[in-house]
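Okay, so here's the structure we're looking at.
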Amino acid sequence: QVQLVESGGGLVQAGDSLRLSCAASGRTFSSYAMGWFRQAPGKERESVAAISQSGGVTYYADSVKGRFTISRDNARNTMYLQMSSLKPEDTAVYYCAAGRLPRMAPRAYDYWGQGTQVTVSS
């Protein structure tokens, strides 16, 4: 089992950058594929990015490709989401999740953090 805690959210202006972190407890972080998801008010949770256990394989939603970068530091039990050129439509609660495979689907993940709010003003 792994426990996840997101941090780094906040209020920024369009065009700004922000880095989210997801800190994991336990010694088995490196055995989990990880993902970032987001959910805006009134919308379904959507996949943003996913990363394999080693970090060698990554996936991105088309809406963030070229602007967001997912990474992980297994020595620090931490995953990151570097977000650049932020847009108002990126406003959402961002969640990190851990699972067996780096899928771009919420149902593939077993453990979830509590979320961190990202608000992008125009």
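The values are calculated or read from the model by the stated rules, or taken from the named source; none is laboratory data. Predicted model, so just to flag it, every value in this text is computed and none were measured. With ideal geometry, Cβ positions are generated from the backbone for all residues, glycine too; neighbour counts draw on all protein chains shown. Side chains are part of the model used for accessible areas, which takes the heavy atoms of the whole protein and leaves out ligands, DNA and RNA. Shrake-Rupley method; radii C 1.70, N 1.55, O 1.52, S 1.80 Å.
Under 13 Å from the Cβ of L4, count the other residues' Cβ atoms, weight Lys and Arg +1, Asp and Glu -1, and hand me the total.
Local charge sum for L4: -1.
With each pseudo-label sitting 7 Å past Cα toward Cβ, what's the S121-A75 distance in nm, one decimal?
3.9
Tell me, what does the Kirkwood hydrodynamic radius of the range 75-122 come to in angstroms if you use every pair of distinct C-alpha atoms?
Result for the range 75-122 stands at 12.6 Å.
Wrap a convex hull around the Cα atoms of the range 1-47, take a quarter of its surface area, and give that in square nanometres.
Details: hull surface 18.4 nm².
Average projection, Cα convex hull of the range 1-47: 4.6 nm².
If I ignore ligands, DNA and RNA and count only protein heavy atoms, how much of I70 is accessible to a 1.4 Å probe, in Å² to the nearest 10?
Solvent-accessible area, nearest 10 Å²: 10 Å².
Just the accessible area per residue of the range 43-122, please: how many Å² with a 1.4 Å probe? List each step's numbers first, then the result.
Numbers: 4140 Å² over 80 residues.
Value returned for the range 43-122: 52 Å² of accessible area per residue.
For the range 23-57, run through the trypsin sites (Lys or Arg not before Pro) and keep only the ones in DSSP coil with at most 10 other Cβ atoms within 10 Å of their Cβ.
Answer in residue order: R27, K43.
Kindly sort R19, R76 by accessible area of their heavy atoms, largest first, with the probe set to 1.4 Å.
The ordering from most to least exposed comes out as R76, R19.
Expressed as cubic angstrom per residue, what is the convex hull volume of the alpha carbon set of the range 1-88?
That works out to 101 Å³ per residue.
Let me check I've understood the local charge: for S47, count other residues with C-beta under 9 angstrom from its C-beta, Lys and Arg +1, Asp and Glu -1. What total comes out?
Values: positive: R38, R45, R103; negative: E46.
Within the 9 Å Cβ shell, the charges total +2.
What is the extension gain from L11 to R67, computed as 0.36 nm multiplied by their sequence separation minus the C-alpha to C-alpha distance, in nm to one decimal?
18.4 nm
Which percent of the accessible area of the range 14-122 is formed by carbon and sulfur heavy atoms (probe 1.4 angstrom)? Kindly include the intermediate steps, with their values, before the conclusion.
On the way: 2480 of 5470 Å².
Percent of accessible area from carbon and sulfur atoms in the range 14-122: 45.
Using a 7 Å offset from the Cα along the Cα-to-Cβ direction at both S25 and T58, what is the distance between the two label points in nm, to one decimal?
It works out to 2.8 nm between the two label points.
Within the set of other residues whose C-beta is less than 11 Å from the C-beta of V64, count the net charge using Lys and Arg as +1 and Asp and Glu as -1.
Cβ neighbours under 11 Å give a net charge of 0.
Over the chain, calculate the relative contact order: mean separation of alpha carbon pairs under 8 Å at least 6 apart, over the residue count, as a percent.
36
Would you please name the GluC sites (Glu not before Pro) within the range 28-122 that are DSSP coil residues with at most 11 other C-beta atoms within 10 Å of their C-beta?
For GluC sites (Glu not before Pro) across the range 28-122 that sit outside H, G, I, E and B with at most 11 neighbouring Cβ atoms in 10 Å, the list reads E44.
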